[in-house]
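Every number here is computed from the coordinates shown, using simple stated rules; none is lab data. Computed from a predicted model, the values in this text were never measured in an experiment. All Cβ positions, glycine included, derive from the backbone under ideal geometry; neighbour counts span all protein chains shown.
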Amino acid sequence: MQYQEITHHYGPRVHLVDNPFLSGLLAQLCSPQTFQPQINSLVEILYTHLISMVVTNEFDVEAFKIPTRMTEAHPGIELEGTRTARKQKAVCVNLARAGTFPSHLCYNFLHFALEPQNIRQDHIFAARITDLDHHVTGTHLGSVKIGGDVDGAHVLIPDPMGATGSTLVSSINYYKQKVQGTAKKFIALHLIVTPEYLKNVLTAHPDVVIYALRLDRGLSDKAVLRSPAGQHWDQEKGLNDLDYIVPGGGGFGEIMNNSFV
């Protein structure tokens with residue numbers, strides 16, 4: 001393990017990052033006094049760190065031996081070490097619209113670790129389905145652009161806010177049911193998640209690996225908040241009546257795009 005995690009009871013597939021630097025930046029991102037272009041600058045720093053953690057911990061490694069600029073002067077002496085295995089496959093999934101910029105960041109980052117021909121970016125246009133009381137009841141996948149199979153690939157889904165889990169569940173359902181091949185791993189990369197999100201996603205897809213920089217359960221009772229995360233999972237609450245995260249940071253799709261619809 002290359003970084004600290006918050007102790008919790010959500011199971012081994014959930015990784016809640018404990019990093020004061022990133023926590024401070026995320027708090028700044030959630031402030032009502034933070035606007036563009038600072039918003040996307042903060043998102044870039046946060047997701048660069050997050051994808052680095054995921055590659056380090058979830059991807060295979062290989063040994064390497066290469067010459068350096070000094071090898072000509074000292075023949076036979078080369079650099080040896082380990083690195084991310086370059087022939088692995090990866091797919092970044094853009095969940096428009098909050099996930100568009102994070103997916104692009106992760107897609108670009110992967111080119112420094114893997115062979116470019118083994119990386120691609122897919123696109124899913126998803127929208128919440130709500131009832132008359134504005135509660136989320138599901139996800140509508142408006143259209144998709146899938147560039148091939150996912151056989152043996154790490155499928156990365158960067159989506160800033162893991163609120164209800166409906167979009168992630170629907171997207172993974174689509175890959176498992178409609179896209180050829182069996183993915184090596186489905187990995188979700190979030191800035192914030194709720195206990196409700198974790199329960200819904202892991203119930204539907206217990207094979208998913210989840211990384212998040214923060215867990216928000218701000219509407220839980222005070223006694224629950226004093227307990228370790230997940231110890232009283234069924235009593236934890238991070239969503240308000242409109243299924244927005246509390247304390248959260250508002251609608252990230254809105255603030256990242258300056259489009260409040």
Per-pair calculated FRET efficiency, R0 = 41 Å: residue 241 and residue 82 via Cβ, rounded to 0.05: 0.25
Within-12-Å neighbourhood charge of residue 144 [Cβ basis; K, R +1; D, E -1]: +1
Choice from 242, 50, 202 showing the highest fluctuation, given a GNM over the chain with Cα pairs closer than 10 Å: 242
Global geometry of the stretch 152-261, whether rounded, prolate or oblate, following the gyration tensor of its Cα atoms and the 1.5 cut on a/c: oblate
Cα-based shape type of the chain, given that a ≥ b ≥ c are square roots of the gyration tensor eigenvalues and the cut on a/c is 1.5: prolate
Highest-MSF residue in the chain out of 91, 61, 246 [GNM, Cα springs under 10 Å]: 61
In the stretch 188-261, chymotrypsin sites (Phe, Trp or Tyr not before Pro) in a DSSP loop with at most 14 other beta-carbon atoms within 10 Å: 260
Loop trypsin sites (Lys or Arg not before Pro), the stretch 172-261, which have at most 12 other Cβ atoms in a 10 Å radius of their Cβ (DSSP): 226
Phi-based couplings in Hz for the stretch 75-87 (Karplus 6.51, -1.76, 1.60; Gly and Pro marked x): x, x, 9, 10, 7, 10, x, 10, 8, 4, 4, 6, 8
Computed FRET value (nearest 0.05) for residue 233 with residue 254, which takes r as the C-beta separation and R₀ as 22 Å: 0.15
In Hz, Karplus ³J(HN,Hα) per residue of the stretch 105-115 (6.51, -1.76, 1.60; θ = phi - 60°; x = Gly, Pro): 4, 5, 4, 5, 4, 4, 5, 8, 10, 10, 5
Loop chymotrypsin sites (Phe, Trp or Tyr not before Pro), the stretch 5-39, which have at most 15 other Cβ atoms in a 10 Å radius of their Cβ (DSSP): 35
Hz values of 3J(HN,Hα) by residue in the stretch 192-205 - Karplus curve (6.51, -1.76, 1.60), Gly and Pro given as x: 9, 10, 10, x, 5, 4, 4, 5, 5, 5, 6, 5, 6, 9
Calculated FRET efficiency for the pair residue 141/residue 44, C-beta based, R₀ 25 Å, to 0.05: 0.40
Magnitude of the charge dipole, the chain, Cβ model with Lys/Arg +1 and Asp/Glu -1, debye to 20: 300 debye
For the chain, calculated [θ]222 nm from helices alone, where every DSSP H run of n ≥ 4 adds -39500 (n - 2.57): -8500 deg cm²/dmol
Along the chain, longest interval not containing exposed GluC sites (Glu not before Pro), exposed being DSSP loop plus at most 16 other Cβ atoms within 10 Å: 79-261
Difference of contour (0.36 nm per residue) and Cα-Cα distance, residue 207 to residue 57: 52.4 nm
Listed residue pairs exceeding 28 Å between alpha carbons, taken from 184/222; 184/237; 145/185; 87/176; 65/89; 145/184: 184/222; 184/237
Candidates 74, 111, 154, ranked by Gaussian network fluctuation over the chain, Cα under 10 Å, top entry: 74
